[in-house]
Amino acid sequence: MATFISLLNFTDQGIRSVKKSPGRAEEFKAMAEKLGVTVRDIYWTVGRYDLVVVLEGTDEAVTKALLIAGSLGNVRSESLRAFTEGEFNGIVGNMP
């Protein structure tokens, strides 16, 4: 399973109903699970991003989960593929 770190910001719609954010997070976890995605952590943050979400799953499943979440209009996401130290060692270990 691949790991992704997603940085999310509330849209205007999302911030207007920010009190519903914890409930939306639970709904997202349930939806993601049905797609085979594990939501490892969700953090509400202060600063440039409003939320940080750590996900595990296939590229396709994670992308689908984030597209579904975005289509609801409450958040926009920017996602990063993350590698563990072991995974990264395997990648650079094969470099000339």
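The values are calculated or read from the model by the stated rules, or taken from the named source; none is laboratory data. Everything numeric in this text was worked out from a predicted model, so none of it was measured. We place every Cβ from the backbone using ideal geometry, glycine too, and count neighbours over all the protein chains shown.
Here is the figure for segment 10-43: residues that are loosely packed, with under 15 Cβ neighbours inside 10 Å and of a type outside the set (Val, Ile, Thr) total 16. Which condition does Gly70 not pass, out of (1) surrounded by 13 or more Cβ atoms within 10 Å (Cβ to Cβ); (2) touching a residue at least 12 places away in the same chain (Cβ under 8 Å), if it passes all the others? For Gly70, the failing item is (2). Scanning segment 38-67 for residues that are of a type in the set (S, T, N, Q) and in contact (Cβ under 8 Å) with a residue 40 or more places away in the chain yields one hit, Thr58.
Yes or no, residue by residue, for (1) polar (S, T, N, Q); (2) modelled with pLDDT of 95 or more; (3) within 26 Å of Thr84 (Cβ to Cβ):
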position: Phe10; (1), (2), (3): no, yes, no
position: Ile15; (1), (2), (3): no, yes, no
position: Lys20; (1), (2), (3): no, yes, no
position: Arg24; (1), (2), (3): no, yes, no
position: Ala32; (1), (2), (3): no, yes, yes
position: Val37; (1), (2), (3): no, yes, yes
position: Thr45; (1), (2), (3): yes, yes, yes
position: Val53; (1), (2), (3): no, yes, yes
position: Gly57; (1), (2), (3): no, yes, yes
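Checking each residue in segment 50-67 for being exposed (fewer than 14 other Cβ atoms within 10 Å of the Cβ) and farther than 17 Å from Gly14 by Cα picks out Thr58, Asp59, Glu60.
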